[in-house]
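Trainee: Sharing a structure here in structure tokens format.
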Amino acid sequence: MNDLTVSGRFALVVLVAVLLALPQFASGYVLSVTIICLYLSFVGQAWNMMLGFAGLLSIGHALFVGLGAYTSGYLFTKHGVPPVIGVVAAVAIAMIMGSIIGYLGFRFAIGGVYFALLTIAFSEFVRILLDHAKFLGGTEGLFLPVTQESRRGVDLVNLRGAPQMYYYVILALAGGAFLACRALLHGRIGYYWRAIRDNPEAAEAVGVHIFRFRMYAVVLSSGMAGIAGVFYAFYYNNLFPEQVLGIERSIEITLAPIVGGVGTLFGPIFGAFILTPLGEFLTYAVDGLKESGIIAKNVKTDGVKLMFWGLAVALIVLLQPKGLWPWVCKLLGLVKPPGERG
Amino acid sequence: MDSVTIINALVSGLLTGLVYGLSALGLSVIFGVIRIVNFAHGELMVLGMYLALMLFRWFGLDPLWSVPIGAAALFVVGYALQHFVVRRVAYLPDHMQFLLLAGIAIMLVSGCLVVFGPDAQGVQLPYALDSFAIGSLIIDKVRLYAALAAIAVASALLLFFKYSSTGRAIRACADNYLGAKVVGLNVDRLYALTFGIGAACIGAAGCIILLLVQVHPYLAPAYTLLAFVVVIVGGMGSLFGALLGGILIGVSEEMASVVLQPSLKTAFSFGLLIVVLLLRPQGLLGRVVR
């Protein structure tokens with residue numbers, strides 16, 4: 001807050017006001033797109049904690065989301081445990097998995113690209129196991145019961161209610177994650193993380209316990225992703241291993257923070273709010289081109305949309321490799337230059 | 001479970017594994033020299049498969065004969081990719097390079113989806129169901145031909161790197177980037193050539209594997225992961241390692257589908273990957289990079 005310029009503070013106040021009031025005036029469609037944006041910025045924040053803060057690249061974060069989703073979904077459908085309690089188990093299991101991967105990776109000194117591949121390997125391994133787990137539905141999927149009347153009203157204990165409720169839940173999660181990450185980054189642990197990220201040898205030489213702080217990053221990040229999984233399960237109400245844990249999901253999680261700016265606090269949020277509407281716009285635009293006959297009718301909209309999307313991602317890497325958020329900040333003068341901070 | 005079934009599975013896994021190995025060679029060459037993890041690996045392979053499929057449809061060309069064409073076409077694609085795009089991100093951290101290649105991968109796979117549709121398509125060859133019998137051992141004709149073609153391409157590549165002056169120059173870049181520049185090698189051009197050669201390997205492997213499987217766009221990410229597994233098990237940057245890794249994965253997949261269930265075979269190779277990463281992160285034949 002102290003680092004913001006006047007226009008920066010103004011923009012922040014407007015953003016918070018718009019987000020809080022959005023369900024009052026937005027259509028159901030806008031609300032659902034915003035929910036996806038907020039969801040991706042929440043998971044992105046978790047992922048960013050590992051790469052952006054502690055320098056650990058994970059391309060398997062869908063694993064933690066999936067474990068959280070399956071744990072809470074299983075407890076709810078098979079044992080009637082409400083998600084308020086289920087979330088504890090979900091976070092615990094995601095954290096255990098995170099600490100297993102972290103322990104193995106750091107104990108055996110697997111660095112950089114190899115660590116990323118270790119996360120992919122674990123995520124794929126668990127996905128295939130889930131394909132064969134009959135008690136979790138296997139490839140046929142796990143479905144969470146939902147009734148017409150439960151789509152109205154507010155039931156926070158069972159996470160059942162109108163879209164507006166889901167909106168405020170994920171808004172609270174994304175906002176909370178932002179504040180928590182901010183506190184961590186500006187606290188002792190954040191300085192240790194950044195020291196490890198920028199130069200592990202030097203950090204170790206001045207007495208930072210690299211192993212322990214890397215473990216903190218993985219465990220906290222996987223726990224957050226586990227919470228996201230609970231939201232995912234109760235928002236979509238159906239879970240398929242391929243859809244929840246596929247490598248595409250893991251890549252999707254990395255996109256928002258990378259596009260927004262790795263290591264920045266607002267980058268994951270900004271990236272999510274750029275990429276998701278971009279995808280929606282592309283679908284709309286491609287359908288329009290089909291109507292006007294520029295693209296043949298039998299062409300798959302999804303394919304054309306993804307082509308442009310991939311192109312957009314590649315262009316961002318080539319033109320703004322530090323992410324869009326630092327660039328926008330500078331352009332609009334939202335943040336004070338480092339010299340003028342109090 | 002009698003011994004004949006197991007030996008048959010072993011041989012069939014060995015033959016398939018050689019094709020995996022050839023494909024992984026492409027990944028390994030690119031990583032070993034340019035230090036870029038080619039996340040669009042499977043996508044390039046699927047391009048090669050579709051090329052062979054089209055050549056078969058239009059001219060009735062056996063995929064084995066389209067291997068040189070596929071290799072040449074993918075060489076151009078790889079060269080251009082390195083020269084125009086990847087070169088520009090060499091200074092960026094790993095995750096940005098990964099993102100760029102993931103973006104390219106998404107473009108390629110969705111491009112295939114738009115052009116060819118989502119259905120699985122394959123070639124029907126007159127000798128598809130033939131096999132050789134040696135005693136009680138039965139070898140599929142297509143599998144044997146595929147493996148022989150893979151061996152031929154891989155040997156050509158190994159000879160190229162060992163004896164040709166360009167191959168030696170490329171190895172020099174891999175061993176010592178600065179030294180290579182100091183002695184006056186055109187590193188940028190050699191890097192582009194390397195990416196082209198790697199992609200040519202992938203294209204050749206794509207043409208060959210069309211003998212064994214039907215092609216559809218979503219094969220691409222699966223092949224990317226498979227090649228990663230093979231290369232890490234064998235050792236990143238080691239050419240023999242890639243072939244050995246391919247054989248190991250081919251055999252273990254085949255054994256897993258005979259002993260357990262076919263759908264569990266990928267879990268088996270990922271399990272193998274985890275074990276290798278933990279016990280010998282540089283791979284079976286890899287060297288420790290400092």
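Trainee: Among (1) within 14 Å of another protein chain (Cβ to nearest Cβ); (2) under 30 Å from B:Ala180 (Cα atoms), there is one condition B:Leu158 misses while meeting the rest; what is its number?
Mentor: Every listed condition holds for B:Leu158 apart from (1).
Trainee: Is it the case that B:Val85 is under 22 Å from B:Val230 (Cβ atoms), among the hydrophobic types (A, V, I, L, M, F, W, C) and in a helix (DSSP H, G or I)?
Mentor: Here the answer is no, as B:Val85 does not meet what is asked.
Trainee: Let me ask another. Taking segment A:3-44 as the region of interest, how many residues are free of Cβ contacts under 8 Å to residues at least 60 places away in the same chain and surrounded by 16 or more Cβ atoms within 10 Å (Cβ to Cβ)?
Mentor: 1
Trainee: If you go through segment A:120-134 one residue at a time, do you hit one that is more than 14 Å from chain B (Cβ to nearest Cβ), loosely packed, with under 14 Cβ neighbours inside 10 Å and more than 21 Å from A:Ala54 (Cα to Cα)?
Mentor: Taking every residue of segment A:120-134 in turn, none turns out to be more than 14 Å from chain B (Cβ to nearest Cβ), loosely packed, with under 14 Cβ neighbours inside 10 Å and more than 21 Å from A:Ala54 (Cα to Cα).
Trainee: Any residue at all in segment B:111-120 that is within 23 Å of the chain's Cα centre (by Cα), away from every other protein chain (no Cβ under 14 Å) and either over 16 Å from B:Gly17 (Cβ atoms) or in a strand (DSSP E or B) (or both)?
Mentor: yes
Trainee: Something else now. Select from segment B:210-233 the residues that are outside any helix (DSSP H, G or I) and within 11 Å of chain A (Cβ to nearest Cβ) and write down the one among them that is surrounded by the fewest Cβ atoms within 10 Å (Cβ to Cβ).
Mentor: So, considering only residues that are outside any helix (DSSP H, G or I) and within 11 Å of chain A (Cβ to nearest Cβ), the one surrounded by the fewest Cβ atoms within 10 Å (Cβ to Cβ) is B:Tyr218.
Trainee: For residues that are touching a residue at least 24 places away in the same chain (Cβ under 8 Å) and under 24 Å from A:Tyr114 (Cβ atoms), scanning just segment B:94-110, find the one that is farthest from the chain's Cα centre (by Cα).
Mentor: B:Asp94
Trainee: If you don't mind, there's one more thing I want to ask. Would you point out the residue of segment B:76-97, among those that are at the interface with chain A (Cβ under 7 Å from one of its Cβ atoms) and in contact with a Leu (Cβ under 9 Å, 6 or more places away or on another chain), that is nearest to B:Leu27 (Cα to Cα)?
Mentor: Restricting to residues being at the interface with chain A (Cβ under 7 Å from one of its Cβ atoms) and in contact with a Leu (Cβ under 9 Å, 6 or more places away or on another chain), the top hit is B:Asp94.
Trainee: Applying the selection to segment A:100-119, what residues are more than 7 Å from chain B (Cβ to nearest Cβ), touching a helix residue (DSSP H, G or I) at 6+ places or on another chain (Cβ under 9 Å) and either crowded, with 16+ Cβ neighbours inside 10 Å or not in a helix (DSSP H, G or I) (or both)?
Mentor: Those that are more than 7 Å from chain B (Cβ to nearest Cβ), touching a helix residue (DSSP H, G or I) at 6+ places or on another chain (Cβ under 9 Å) and either crowded, with 16+ Cβ neighbours inside 10 Å or not in a helix (DSSP H, G or I) (or both): A:Ile101, A:Gly102, A:Gly105, A:Phe106, A:Gly111, A:Phe115, A:Ala116, A:Thr119.
Trainee: From the residues in segment B:31-55 that are in a helix (DSSP H, G or I) and modelled with pLDDT under 90, which one is surrounded by the fewest Cβ atoms within 10 Å (Cβ to Cβ)?
Mentor: B:Phe31
Trainee: Here is a further query. Might you let me know whether segment B:234-248 holds any residue that is of a type in the set (A, V, I, L, M, F, W, C) and within 13 Å of another protein chain (Cβ to nearest Cβ)?
Mentor: Scanning segment B:234-248, I find at least one residue that is of a type in the set (A, V, I, L, M, F, W, C) and within 13 Å of another protein chain (Cβ to nearest Cβ), so the answer is yes.
Trainee: (1) of a type in the set (Val, Ile, Thr); (2) more than 14 Å from every other protein chain (Cβ to nearest Cβ); (3) closer than 30 Å to B:Ile232 by Cβ; (4) without any contact (Cβ under 8 Å) to a residue 60 or more places away in the chain: which one isn't true of B:Val67, the others all being true?
Mentor: (4)
Trainee: Another question about this same structure. Scan segment B:161-179 and give yes if some residue there is without any contact (Cβ under 8 Å) to a residue 60 or more places away in the chain, more than 23 Å from B:Phe75 (Cα to Cα), in a helix (DSSP H, G or I) and among the hydrophobic types (A, V, I, L, M, F, W, C), otherwise no.
Mentor: Checking segment B:161-179: at least one residue is without any contact (Cβ under 8 Å) to a residue 60 or more places away in the chain, more than 23 Å from B:Phe75 (Cα to Cα), in a helix (DSSP H, G or I) and among the hydrophobic types (A, V, I, L, M, F, W, C).
The values are calculated or read from the model by the stated rules, or taken from the named source; none is laboratory data. Because the structure is a prediction, the values reported are computed rather than measured. Because the Cβ atoms are built from the backbone with ideal geometry, glycine has one as well, and the counts that use them run over all protein chains shown.
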